[in-house]
Each structure stands twice: as C-alpha cells, then as structure tokens.
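Okay, structure first, notes after.
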Amino acid sequence: MATTLTAPAPGAPARTVARPPSGGWRSRWPLLPLIATVLLPALPYGMGEGGGPAVGPADVASGVAVLVCVGRLLYLRRRPLGAVAALVLGLPAVGFAVAAVTAADPAAALPGLVRYLQVFVLVPAAVYLLLRDVHGFRIVAGALVVLAAVQGVVGVHQYVTGTGASYMGEEVRAVGTFGPSDIMGMATVVAYGLLAATACALRTPRNAPAWLRPCAAVVAVALIVPLALSFSRGVWIATAAAFLVVLALTGRRQALTSLAVLGASAVVLVGGFGIGSEMIAERAASVTQVTRAPDRSVSDRYAMWSAAGGMWREQPLTGVGLKGFPAHRDAHASIGLSSGSDTAGAGQAFRRQALLSPHNMYLLVLSEQGLIGLTAIVGSWAAILLGAVRRLVRARSRGHAAVDCGLVAVALMTWQSVNFLYSDIGGPTTVLSGVVLGLAAWWALAEPEEAGTA
C-alpha cells in the first residue's frame, strides 16, 4: 500500500498515513490502446491500392492511443511535455517537414510525412504521456513478451510441419502470422519479447511472485528457437548486440553466468536437438562471407545502398523527398540489381516483391531527407539511448527497484538502433518501432518521480 507524509502540526513530528492504491485497471484503462497496438500487428490484413500496405488494426489502435492521450491532456489540463522531452521527441518532425516541402511532388510525399510522424513522433509521444509509472511500463513490456511467445509457437510449428516461408527450396522459414511478404515481422517481435523477458530474468521487480524470474528465464531461452528459425541475419546481429549491452550493464558476475547459460541452451536446442542446425550454421556463416561470395539478397542490398548514396550526393541537404527512393532507384542503381525478391510459402503463392527501399533506415533517411533529416532523427535516437543508459546506471548504483525497466528500455533501443542498419520501416510491425521508442524515451526523459515509481 502506498504511503504519504502528512503536514505536521507546529512542533510535532511528521507522521505517515496510508493512502489507497491508484485504483488498479480503473486508473490504467488508457493503457488499453497501447496494449492493442502491441498485440494487433499479428492479425493478417490485406493490401491497399496499388499493392501497398493497407492501414492495419495496429495502426488504428495507435491512432486511438494518440486520441486518448490528447483527450486526457485536455481533460486534466496538464502540460504535455517538458522542454527536453519535447525537443528530443519532436526533433525528427523537422526533418520530415523539410523533406516533404522540398520534394519534387509534395502531394506524393504527404503519405510518407503522415507515416513518419505516426511512427517516430506521435506514437512515441503517446506512449511517453500515457505511462504513469513503472507498473504501466511493465504491462506494455509484458504485452511484447506475450506477442513474441504466440508468434514463436506459430513459427516453430511452421518449421516442424514444413508450412513456413520458402527458404533454400524448402518451406521451413518461420514467419509467424506475418507471411512471406513480411519476412522480418516474426523475427522482430520475437526479438522484442526475448529482450524484455531477459531483462526481467536478470533483474526481477521487487515484491514480484517467486515464479516470475524462472518463468522469464525459460521464456527467454525458448524464444531463441523461433529467432534462429527465422534465418534473419540482421535480427540475429541486433539481438546479440542488445544482449551484450544489457549484460555489460548488469555486472561482471551475472554477465558471465548468463553467457554460460545462454551458450549451453543454444548448444542443447540447436546442436543437441538438431533444430535447424545445418541451415542455421550456413546462414550464420554467410554473415562473414558477404564480401567474398554474397548471395542475391546481399548483392541487391549493396546495390540499393549504393543507389541511396547516389541520391544523397545529388541532394545532400534535403534528399530526394519522402517516398522518393522508388522513383529514383533505377537512375542510381547498378545494372546488377534484380527486379525484386521471390516470396512464397506460408499459405501464399509465388510472388515477385519489388525492392522499394535500401533496407537500411539510415540510408533511407539520408537519401530521402538528406543531412537535415538524418541529423534530426539520429540526434533524437542518440539522446534517448544515452539518456536511458545514464538513468539505468544511476538506478543500479542506488539499488533502485525499477532497474528491470531500465534494462528493457536500453535493450530495445539498442536493438532498434542496430537493426536499422539492416532494415527500414514497412509492414505491420512498423508501429511497434514507435512503441519501443516511446518506452525508451519514457525511461530516459520522464521526471524522476515518474520514472522512479516502483
């Protein structure tokens, strides 16, 4: 039960009286659209006009979350954001606006402006404002774990039964409910859940049930299997980087113990049971062979990276405009770039999927928004990541009860920053990037009494 100090009479000592708890779910209903935003990307939905992605259920839920946030601010008459938080969260909007205005066809750039504002400004700000304390943070992080567990089970079933996406001539690639057209979807949500569960296992909240820590550890280890069966090299690298950063921030002894447990688990799951061992080993080896004998996907990626660099050199400050990469791709790409990637399996017929982005978020921003846009968005993300690490170190040194939230924030933000080297926005999991940024921003930028409430 929460307590508070009452004002004492003159000369009398201060006394502590009980204060009723904050009302449980009756006071946490604003979190419901955030939870829906996390869980709904798993629902399949069709394509929009022209073959582009339609507005999905998670996008609708994120819009509801933004409206709820605005409504609460108006009703409670609260100041929306502090100066630092407003600067950090709003800075990317500057680059988006400049790129939209300076685009060759501003009307065509408008959908891109709306999408970027949704994912990188509005949703993170809504998450930041709707989270009242660490309990709300843990609820949203728990929803990420639930989503990862469900998608992981579906992905493993696809591998075992041969009903996954096509990979090396076999329909064994785990893609969950996202299908082969969003090959990174399942891997992304599984990585989110794995990191959140790992953080909980490393630093379980105080007064948590005794079963929570072993359960979190089991879930984290189990999620290694679907992550491996996704055969997504970029996700593997980002997850490993985030995991190592978190271990480095938990202390040497626990880091060594965790690495030993993880290594033994990987040997048992992949080596002992032979779960995709040959394909996983070949896929992992290809990470170090991309400069000697790259496969078609790597060659295409290099060609698109080169094309993005060529666009930036033509318009170094403002880029070619939002949504301008597809229109300028062929004029800058080498002749070796293929017309698209082949997708099939997981209930979908063979389809040729056009290559409409460089699969590198930083190069996509650089080519479409120039140095102005890249500086704004990278500056914002760097401030969030550094602030999250700083607050985590301080919380750990003071024996704070909310260290688990700090580990989740740092892990997710590190993962997102590294993964954007191999991917960009697109697909139903795009909106989850905004949720991740919002969670990290809340931990990094919220007032001490808000971020520190256990």
_Conditions (1) in a helix (DSSP H, G or I); (2) β-branched (Val, Ile, Thr); (3) open to solvent by 70 Å² or more (accessible area, probe 1.4 Å): number failed by Val55_ = (1)
_Could you check the stretch 118-138 and list, in sequence order, the residues that are within 16 Å of the chain's Cα centre (by Cα), open to solvent by 40 Å² or more (accessible area, probe 1.4 Å) and not charged (D, E, K, R)?_
Leu122
*Unique residue being within 21 Å of Val403 (Cβ to Cβ) and in a helix (DSSP H, G or I) when the list is Ala228, Ala201, Ala210*: Ala201
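For the stretch 402-418, name all the residues that are of a type in the set (A, V, I, L, M, F, W, C) and under 15 Å from Ala141 (Cβ atoms). If you could, list the steps in order and put the result at the bottom.
So in the stretch 402-418, the residues of a type in the set (A, V, I, L, M, F, W, C) come out as 402-403, 405, 407-413, 415, 418.
Scanning the stretch 402-418 gives Ala402, Val403, Cys405, Leu407, Val408, Ala409, Val410, Ala411, Leu412, Met413, Trp415.
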_Residue in the stretch 358-386 that is nearest to Ala327 (Cα to Cα), counting only those that are open to solvent by 20 Å² or more (accessible area, probe 1.4 Å) and small (Gly, Ala, Ser)_ = Gly379
*Could you tell me which of the residues Val114, Val189 is closer than 23 Å to Ser433 by Cα and at pLDDT 95 or above?*
Val189
*the stretch 139-173, subset in contact with a strand residue (DSSP E or B) (Cβ under 8 Å, 6 or more places away or on another chain) and assigned to a loop (DSSP other than H, G, I, E, B), residue least open to solvent (accessible area, probe 1.4 Å)*: Gly164
*asked:* Condition first: outside any helix (DSSP H, G or I), touching a residue at least 60 places away in the same chain (Cβ under 8 Å) and open to solvent by 60 Å² or more (accessible area, probe 1.4 Å). Can you find one or more residues in the stretch 103-112 that meet it?
replied: yes
*Taking helices (runs of 4 or more DSSP H) that do not extend beyond the stretch 362-454, which have at least 2 residues that are more than 25 Å from Arg79 (Cβ to Cβ)?*
403-419, 430-445
*Residue among Leu269, Leu262 that alone is modelled with pLDDT of 65 or more and surrounded by 13 or more Cβ atoms within 10 Å (Cβ to Cβ)*: Leu262
_Residues of the stretch 272-329 satisfying the condition of being among the charged types (D, E, K, R), assigned to a helix (DSSP H, G or I) and at pLDDT 75 or above_ = Asp300, Arg301, Arg313, Glu314, Arg329
*Is the stretch 92-101 home to any residue that is open to solvent by 10 Å² or more (accessible area, probe 1.4 Å) and in a loop (DSSP other than H, G, I, E, B)?*
no
_Single unsatisfied condition, Leu87 versus (1) open to solvent by 80 Å² or more (accessible area, probe 1.4 Å); (2) under 14 Å from Gly434 (Cα atoms)_ = (2)
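The values are calculated or read from the model by the stated rules, or taken from the named source; none is laboratory data. Since we're looking at a predicted model, the values are computed, not measured. Cβ sites come from the backbone with ideal geometry, for glycine too, and all protein chains shown count toward neighbours. Accessible surface areas use protein heavy atoms only, side chains included; no ligands, DNA or RNA. Shrake-Rupley method; radii C 1.70, N 1.55, O 1.52, S 1.80 Å.
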